[in-house]
Amino acid sequence: MGKLQADDRIEVSPEQAILTAKALFIAAGTTPEVAEEVAKHLVEADQSGVESHGIVRVLQYTREMLDGTLNTGAKPEIKKSDSGRLTVDARGSIGIPAMRMAHQLAAENAIDRGISAVAVLGAGHTGRLGAFGEIAAEKGCLSIAIGGGNRKRWRMVAPYGGRTALLPTNPYCIAMPGGERGPVVIDIATSQAAGGWIYAARAAGVELPDGLIVNRDGEPTRNPEDYFDGGAILPKGGPLGYGLALIAELIGEAMLGPVLEGEINWLVLALDCRRYNTSPSMQIAAEEILSEIRSSAPAKGHDVVEVPGERERNLFAASQNQPLRIPRRIWDAIEDLACELGVNTH
């Protein structure tokens, strides 16, 4: 999805947005290093057109730091068991640094050994997954990140054929080297919308697009409040999203164990593509495939046929030195929170 359907927006420079977010995170108890990484990640998500994972998350993250949902004093730690299991233990901290570490670790081990698996446990919200997939892809690896395992806390999505929220949004991110324009990146929730869209729409005071949620009676609705009043998000593609979410839930809990801290458990897999084809040869073959896709005739209502991941990179490149256009209600809420905490954002 693109932007929220909010017409009343305010222009904020990326520098000001980073400064404000960083100051709030530090005031809430996190370290300057983590505060800066997370703030930059959120602004880059907005610049990439992924508004649900952008600056709107400042409100959620700050509140979770303040109420103890996120452990601001913890740092992610890499652990290796005697059996060779690799784990990034986030210890209840914000998940963005932990997921970066996991993708770097998985890619490095895959380059060394051909294939690698890393579990991420105890992490809070992990931000825009595509940013991490690109890390592994740029190192020449195929990466697959699967998140799940906390349905008892995050009952958000109805199973296919049901109307009661039982599953988390259980995201997947698959990324691999592409052609001349960079990696191909698929970053999806297994639900019709990421949970952040529902929260962001409510914060911005706007309705949702059709087909995303149902109310407590299982009836379609566009009002985000209906979701919070016992409704549910629908699975993406019906049985497809439901099946992927269920597998992710089994991986996240039955295989990796109960979620003791954070949101959900993660499994990050990486495979060195060069074990199968040399980098120049693979890029040439990939570009041939991708060029054919891009040059195909667009359907009615579409201008072009796009390759996953390229829109975000194009938007990010075009947005440099341009102000962010943030829904005014969201930015006002961020400034109100800064005032509440006595934070100087200028």
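The values are calculated or read from the model by the stated rules, or taken from the named source; none is laboratory data. What you see is a predicted model; the values in this text were computed from it and never measured. A quick note on method: Cβ atoms are made from the backbone with ideal geometry, for glycine too, and the neighbour counts reach across all protein chains shown. Side chains included, ligands, DNA and RNA excluded: accessible areas come from the protein's heavy atoms. Shrake-Rupley method; radii C 1.70, N 1.55, O 1.52, S 1.80 Å.
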Can you say whether Gly114 is modelled with pLDDT of 95 or more and crowded, with 19+ Cβ neighbours inside 10 Å, as far as the supplied structure shows?
no
Of the residues in the stretch 12-56, how many are at pLDDT 95 or above and either in a helix (DSSP H, G or I) or among the charged types (D, E, K, R) (or both)?
30
Which of the residues belonging to the stretch 46-60 are surrounded by 24 or more Cβ atoms within 10 Å (Cβ to Cβ) and hydrophobic (A, V, I, L, M, F, W, C)?
Val50, Ile55, Val56, Val58
Can you confirm whether Ala39 is in contact (Cβ under 8 Å) with a residue 60 or more places away in the chain and either crowded, with 17+ Cβ neighbours inside 10 Å or within 19 Å of the chain's Cα centre (by Cα) (or both)?
no
Flagged in the stretch 188-199 as touching a strand residue (DSSP E or B) at 6+ places or on another chain (Cβ under 8 Å) and either over 22 Å from Gly49 (Cα atoms) or touching a residue at least 60 places away in the same chain (Cβ under 8 Å) (or both), in numbering order, are Ala193
Which numbered condition Glu225 fails, given (1) farther than 30 Å from Val307 by Cβ; (2) assigned to a loop (DSSP other than H, G, I, E, B):
(2)
Cβ-Cβ distance below 6 Å, separation of 6 or more or different chains: which pairs start in the stretch 19-34 with a residue that is more than 19 Å from Ala98 (Cβ to Cβ) and in contact (Cβ under 8 Å) with a residue 60 or more places away in the chain and end on one that is β-branched (Val, Ile, Thr) and open to solvent by 40 Å² or more (accessible area, probe 1.4 Å)?
none
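A quick yes/no check of all residues on (1) surrounded by fewer than 18 Cβ atoms within 10 Å (Cβ to Cβ); (2) part of a strand (DSSP E or B); (3) modelled with pLDDT under 95; (4) of a type outside the set (Phe, Trp, Tyr):
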position	(1), (2), (3), (4)
Leu244	no, no, no, yes
Ala248	no, no, no, yes
Gly252	no, no, no, yes
Val268	no, yes, no, yes
Glu287	yes, no, no, yes
For the stretch 192-218, which residues satisfy the criterion of being part of a helix (DSSP H, G or I) and surrounded by fewer than 18 Cβ atoms within 10 Å (Cβ to Cβ)?
Arg202
With the structure loaded, tell me whether Ala6 is at pLDDT below 95 and either over 28 Å from Ser191 (Cα atoms) or surrounded by 19 or more Cβ atoms within 10 Å (Cβ to Cβ) (or both) or whether it fails that test.
yes
In the stretch 289-303, how many residues are open to solvent by less than 90 Å² (accessible area, probe 1.4 Å) and closer than 17 Å to Gly182 by Cβ?
4
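Among Gly147, Gly92, Gly84, which is the only one that is of a type outside the set (Val, Ile, Thr), assigned to a loop (DSSP other than H, G, I, E, B) and at pLDDT 95 or above?
Numbers: Gly147 fails: assigned to a loop (DSSP other than H, G, I, E, B); Gly84 fails: at pLDDT 95 or above.
Result of the check over Gly147, Gly92, Gly84: Gly92.
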Got a number for residues in the stretch 176-187 being in contact with an Asp or Glu (Cβ under 9 Å, 6 or more places away or on another chain) and either more than 17 Å from Gly49 (Cβ to Cβ) or of a type in the set (Val, Ile, Thr) (or both)?
6
Among the residues of the stretch 83-105, how many are more than 18 Å from the chain's Cα centre (by Cα) and either on the phi > 0 side of the Ramachandran plot or buried (at least 24 other Cβ atoms within 10 Å of the Cβ) (or both)?
2
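For the structure I just gave you, tell me whether Gly342 is open to solvent by 40 Å² or more (accessible area, probe 1.4 Å), at positive phi and touching a residue at least 40 places away in the same chain (Cβ under 8 Å).
yes
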Cross-chain or 6+ apart pairs with Cβ under 7 Å, the stretch 219-230 first and closer than 14 Å to Gly205 by Cβ, then of a type in the set (A, V, I, L, M, F, W, C) and in a loop (DSSP other than H, G, I, E, B):
Arg222/Leu208; Pro224/Leu208
Leading residue by the ranking (most open to solvent (accessible area, probe 1.4 Å)) among those in the stretch 270-285 that are part of a helix (DSSP H, G or I) and of a type in the set (Gly, Ala, Ser)
Ser279
